[in-house]
Amino acid sequence: MARRTPDEHPDPFRIVGRPLPRFDVADKVQGTTLYAADWRLPGMLAGRILRAVYPSARIRRISVEHARGLPGVAAVLTADDVPQNALHEDPTGLGLSSFATPVLAADRVRYQGEPVALVAAESEVAAQAALEAIEVEYEPLPGVFDAGAALAPDAPRVHPDRVNLLIHWKLRQGDVEAGFRRSDAVVERTYRTQRVDHAALEPEAAVAWVDGDGVVTIRAATQVIEHFREIAEILRLPHNKVRVMAPFLGGGFGGKEDMTVEPYVALLAWKTRRPVRMLWTRQESLLARPKRHPFTMSYKTGATRDGRLVAQEISLLADAGPYPLLSPRVVFAALVVGCGPYRVPNVKIDARAVFTNNVPTSAMRGFGAMQVTFAYESQMDLLAEQLGMSALEIRSRNFLQKGDRLPTGEALETEAALPHITARAVDALGERSRPSAPSGRVGRGIACNMQPYGRTVWFRDRAQAWIGFEADGALVIRAGITDLGGGQAASLAQLAAEVLGVSPDRIAVHIGDSALTPLAGGTFATRQLYMSGNAVVKAAGELRAMMIPVAASLLEAAEPDVQFADNHAGVIGAPERTIALARVVAECARRGIPTSLLSGFQGEHAAPIDLETGQGRTFPDYTFGCHAVEVEVDAETGTVRVLKLAACHDVGRAINPQSVEGQIQGGAVMGAGQALMEEVAVEAGINLTTLFAGYLIPTAMDMPDVRALVVESGEGKGPFSARGIGEPPTGPPPAAVAAAIQDAVGVRLMELPMTPERVFDAVRARPARPKNEARGKV
Amino acid sequence: MYPSPFAYHAPVTMGETLALLARLPEAKILAGGQSLLPLMNLGLAQPGALVDVNGLPGLETVTEDGGGLRLGALVRHRTLETSPLIRRRCPALAEAASLIGNIRVRHRGTLGGSLAHADPAAELPLVAVALGATLEISRLAGAREVSAAEFFRGYLLTDLAPGELVTGVRIPAIAPGTGYGLAELVRRAGDFAIVAACAVITTDGAGVCRQASLAIGGVGPHPLVMRRAEGLLTGGPLTDRRLAEAADAVPGEVAPESDVHATAAYRRAMARVMAYRALAQARARAASGPGRPA
Amino acid sequence: METAAAEGAARAGVRFVLNGSPVDVWAAPHETLLAVLRDTLGATEVKYGCGEGVCGTCTVLLDGAPINACLLLAVQAAGRAVTTVKGLGAEGHLHPLQRAFVAHEAAQCGFCTPGMLLVAHAFLADHPRPTRDEIRSAIAGNLCRCTGYTRIVDAIEACAGTGKAARVEPR
């Protein structure tokens, strides 16, 4: 028979779309999951990092002799001991430039907390004593601590051999000047977002050892096992002599996308030939692990009297810290979705990232698309206000639809369903709350967003999956994904269960081992369901196609009439004619037909964009959403309390609705935390937020129940038309909360976080004027 | 995360404890450990010796003391929060304790430890000052008492000399017609307050203020007593206007500093708002019936 | 060096009850209960998250009351009963709270989960019929970065009153 493709799979589904309990959660509630720091090996040493105390300084001398001589110290390493003290990066992925980031600072430190030396010792206390015994003589140097100032011609250079401008992406479509001339209303504002820490509850950790076969093995809390190649380069080993294993993560959010502990713990294990555990303290993590980029975003937006957007001119400036990491890609994502989910015929965007001597910045959930949401949605509200329209009205006149051209010139290939999404979010707020105190003012706001899922098409993304039956009819999936806590592994089981008719509890999913699981690319860019989900469905479909003829002959039925369900092969419409899948497997074995295979999914790929105009293919697809919030502002203190938060996203198809809702709820609260509370304060390169007590992530008392609303348009590019949902829910809350604050007390904040003090100051500075009731109302 | 090694002493009698403290003036006293252990975990405190006083008998008791209360220094925050006697006799203390940190901190943290640590934004020092509490202090040479208002001397600095130990706290009897108010501004539930205010007001039957006490935390090196505001209230009727005048006097009496969470100017402004709210709460409670204790 | 010497020299025997069974360990005074549980006893279900007493991932019950294992010296646990999440249910037999957490997907990454379960357990023992606000207040000191808390409150609420998970089937 003709092979069924996944798209032709019968609907309704048996397994997909059900809120199945996740197998990994059953382990987690019992405390049996062994996270990276929970691994123990005999003779294991404790590894620690000595970090720079200055943000910009020359290292005149490092003296390690005393430390090396201390009891219990197995190794003290400096830059001289690193076989290849450089991590070679192609910051754009386009081969435009290359960059060598030092593993350990040799003669120069460029941010406070930069690794300078490594220690391995018999105990954490001995390692700490050794750190304190290393003497480093620094000569402080002028640094650059402000992204804008970094661009000045006379600014100190972070890298002597290159200017501070790391990347400048351009997007040009139409004629913005002509567009503004045609506009009846123009709003021009500058928005600022802050440095944010991922604050995964699990700090960075790994255990590394040199295995019996000489393979350097690192069991690490990482989102990306493919880093084994970079570690091999650093150790000057063949790539196949380094293995990275990723157990279940205690949260990632992009903070474990770049390497964290891996190169350091690998170096120590390689040098000492003993197992080494490295666990970063929370304070170390806050001090030096890359953060979300602070953005300065200047927006000029023009619209006609009837609320149609005509032109948008945008300048984005991101503080990258001293090394590229993923900054060029983060600001590229910001560039592509800088106008949000709206049609804008004339667009000019300049997106830049610059080197500074501040703590590095890189990937975080939302990846540039998050920051611009605050700006473009605030612009929509301000335009609505100027034009005397409601927030809903102006948005609905400009929402992107399938087939519309994006500012990059490419067409939107899937339905965005924005009117429906927005209506559902707004409706979910229900009746307006009453203030809880005389000084309380209640207000509401909405914000919509679009977030790419999948990697930029020029990376030619690929994911592989191996799938096979055991003799007893149980199923095994091997996929080199990492599971950050979002149910990445469980969702693969659910997909395979759907296609092959194996019950999920009969499926084992092996993940996260660069030596033994087929590489799938890391878990980032909301790509894992899209890429590995498609790969598993494809593999399962191919396996099914090989086994159906065998089952058909055993059942003496025509192939199109055979189905796999409930661990059996059966004849459609004849419930009594079933045989166990194990029998089909045995028959395949007898006939020499394989019951396992490796398959792969090739993501969409295309040539790079035009670098002068930003025109071309960029991301495979986007996930769209709208959040509606209700807040109460204490007009006397500026304190903002979120009373209601409804978050609606089109996920194409919910593979596991309960997991999808969980992503939406958690992402929305993370976004609301960024809106109101969270900030890593850095002054002149010195991090002032190195205590967890001072980095304010929301507690259960700070946020309301989140109403997660799931729309299933059937329009995504993932398996069974699913869209990615990991990152999208983080984007809308800041703009929605800003709108709600304005609704409540009449002031629009343009800088995050919207602390009580900022709200208080804005309220106090507000010019007295009559309130325009129609303005920007939801 | 791993404290540096130290010599550990766990005396079981007061005499032994005071002798140790006299012999080891640099030793740190370990009570609940909820402020000391974090500092040690971070390497910010590396004491050579620790004197663990948790084994001392009798320091966890709460007793009636005349019309007031006598609390042992090792009474845990959780006990302050939940003890029926404390909730009846001194609900201000119970409410203040309920605002501290998180449930785990409250189960271990102690009254004496919180006072001796003297964080300028902590709840218990603030309430102790507002309630006119007296601290009992022991040393090898004998015992002494000091009022809470005099005990706090500066940022994390108290009247305690090396070798001395806070052993108990006495809360004076609360007159009929007294009410308390506690208002704090926090950036996140359970965190140290940006500004906190505690007011205790005693009225006569006719609604005239006989006595007012107002202390503010988070706006100086330690909880500050608002003498001018108290003076403006005492002897007059407790109208909204009088309360506002008293609150207006607060910004002139505080000395806040800026940090990453709030500027000095904002703290100053909030000191007024929190003062008013605490006073208004205290007035309402004082008026809700004579005999209603603070 | 002195520190390393002191580390070995001052170890003392400490006996306490861990999840119902007596344990004897050698612990130096500077070792926290967290370090001894994880490094000596292999009780890795107790997590390190901050060392400041802020995050709640190291929550254990000390004589039934939730405390920060990172802020208690191991020697201070002598003679006490320490309960970790492994003391909640039996092998292969989940406690109702654990079942409810699974059914409601109240855990994502699971790193906060052991502490969250212990705090919820201690809370429900004293508050059999809490409101959602009371539940939120009870778990406010235990941070979660994944779920946004809604599902955690759902799961605890489902266990309230009955002593078992009212809804063990997912929604």
Requested in this report: Kindly give the semi-axes, whole Å and largest first, of the ellipsoid equivalent to segment B:7-52, taking each as the square root of 5 times a Cα gyration tensor eigenvalue.
Outcome: 20, 11, 7
Requested in this report: With a length cut of 24 Å (Cα positions projected on each helix's long axis) and a Kyte-Doolittle mean of at least -0.5, go through chain A and give me the DSSP H helices that pass.
Outcome: A:369-387, A:534-555, A:657-676
Report task. Mind jotting down the distance between the C-alpha centroids of segment B:128-189 and segment C:125-142, whole Å? Result -> 31 Å
**Report entry** With DNA, RNA and ligands ignored, accessible area of A:Glu132 (1.4 Å probe; Å², nearest 10)
**Finding:** 110 Å²
**Report entry** Buried accessible area, chains A and C (both chains, 1.4 Å probe, Å² to nearest 100)
**Finding:** 4600 Å²
Requested in this report: With the full set of protein chains in place, find how many percent of the accessible area of chain C is carbon and sulfur; take the probe as 1.4 Å.
Outcome: 53 percent
Query raised in the report: Percent of accessible area on segment A:468-536 owned by carbon and sulfur, 1.4 Å probe?
Result: 56 percent
**Report entry** Using a Förster distance of 25 Å, the FRET efficiency for B:Thr239-B:Ser147 (Cβ separation, nearest 0.05)
**Finding:** 0.25
Report summary line: Computed from the beta carbon distance with a Förster radius of 51 Å, FRET efficiency for A:Asp427 and A:His510 to the nearest 0.05 stands at 0.70
Report task. Can you tell me the relative contact order of segment B:62-171? Whole percent, Cα pairs under 8 Å, sequence separation 6 or more. Result -> 29 percent
Requested in this report: Whole number in Å², please: accessible area per residue of chain C, 1.4 Å probe, ligands, DNA and RNA not counted.
Outcome: 33 Å²
Report summary line: Note on chain C: contact order normalised by length, alpha-carbon pairs under 8 Å, 6 or more apart, percent, works out to 21 percent
Report summary line: Over chain A, the sum of -39500 (n - 2.57) across DSSP H runs of at least four, divided by residue number and rounded to 500 deg cm²/dmol, gives at 222 nm -7500 deg cm²/dmol
Query raised in the report: Across 5 Å bins from the origin, how do the percents of Cα pairs in segment C:96-159 run, short distances first?
Result: 4, 21, 37, 28, 10, 1
Query raised in the report: Considering the alpha-carbon set of segment B:178-287 alone, what are its Rg and its Dmax in angstrom?
Result: 13.4, 46
Query - Exercise: per-residue mean of other protein chain Cβ atoms within 10 Å, A:656-663 - result: 4
Report task. Can you grab the distance from the C-alpha centre of segment A:514-540 to the C-alpha centre of segment A:337-412, Å, no decimals? Result -> 29 Å
Report summary line: Scoring segment B:7-52 by relative contact order with C-alpha pairs under 8 Å, at least six apart, yields a percentage of 59 percent
Requested in this report: Using only C-alpha atoms and all pairs of different ones, pull out the Kirkwood radius for the protein assembly as shown in Å with one decimal.
Outcome: 32.0 Å
Query raised in the report: Which residue, C:Ala90, C:Ala12, C:Ala158, tops the fluctuation ranking in a GNM of chain C built on C-alpha contacts under 10 Å?
Result: C:Ala90
Report summary line: Expected max-MSF residue from B:Ala49, B:Ala128, B:Ala97 in the GNM of chain B (alpha carbon, under 10 Å) is B:Ala49
Query raised in the report: A plus B alone minus the pair: what accessible area, both sides summed, probe 1.4 Å, in Å² to 100?
Result: 2000 Å²
Query raised in the report: For A:15-28, what's the mean count of beta carbons from other chains sitting within 10 Å of each residue's beta carbon?
Result: 5
Query - Sequence ranges A:451-460, A:500-509, ranked by mean other-Cβ count within 10 angstrom, highest first - result: A:451-460, A:500-509
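So, by mean Cβ neighbours within 10 angstrom, what's the order for C:17-29, A:161-173 with the highest one leading?
Output ranking for C:17-29, A:161-173: A:161-173, C:17-29.
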**Report entry** Neighbourhood charge, 12 Å Cβ-Cβ cut-off, centred on A:Ser56 and excluding it, Lys, Arg +1 and Asp, Glu -1
**Finding:** +2
Requested in this report: Can you grab the distance from the C-alpha centre of segment B:199-273 to the C-alpha centre of segment A:620-677, Å, no decimals?
Outcome: 39 Å
Query raised in the report: How far is helix C:113-126 tilted off the main Cα axis of chain C, in degrees rounded to 10, range 0 to 90?
Result: 70 degrees
Query - Solvent-accessible area buried by C and B, counting both chains, probe 1.4 angstrom, square angstrom - result: 2200 Å²
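Can you compute the FRET efficiency between A:Ala558 and A:Ser97 using 1/(1 + (r/R0)^6), with r the Cβ-Cβ distance and R0 = 60 Å? Round to the nearest 0.05.
Numbers: r = 60 Å, r/R0 = 1.00.
According to the calculation, E is roughly 0.50.
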Requested in this report: Quick one: net charge around A:Lys300, please, counting Lys, Arg +1 and Asp, Glu -1 for every other residue with C-beta under 13 Å from its C-beta.
Outcome: -1
Query raised in the report: Can you give the accessible area per residue of segment A:632-763, in Å², using a 1.4 Å probe?
Result: 21 Å²
Query raised in the report: Averaged over peptide A:342-351, how many Cβ atoms belonging to another chain are found within 10 Å of each residue's Cβ?
Result: 0
Query - Cβ crowding within 10 Å averaged over residues, with A:407-413, B:67-73, A:661-667, B:108-114 ranked highest first - result: A:661-667, B:108-114, B:67-73, A:407-413
Report task. Leaving ligands, DNA and RNA out of it, report the carbon-plus-sulfur percent of the accessible area of segment A:656-778 at a 1.4 Å probe. Result -> 51 percent
Query - Rg/Rg_globular for segment A:496-650, with Rg_globular taken as 2.2 N^0.38 Å and Rg from C-alpha atoms - result: 1.60
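The values are calculated or read from the model by the stated rules, or taken from the named source; none is laboratory data. Predicted, not measured: the structure shown is a model, and the values here were computed from it. Here Cβ is always computed from backbone atoms with ideal geometry, including for glycine, and neighbour counts include all displayed protein chains. Surface accessibility is based on the protein's heavy atoms, side chains included, excluding ligands, DNA and RNA. Shrake-Rupley method; radii C 1.70, N 1.55, O 1.52, S 1.80 Å.
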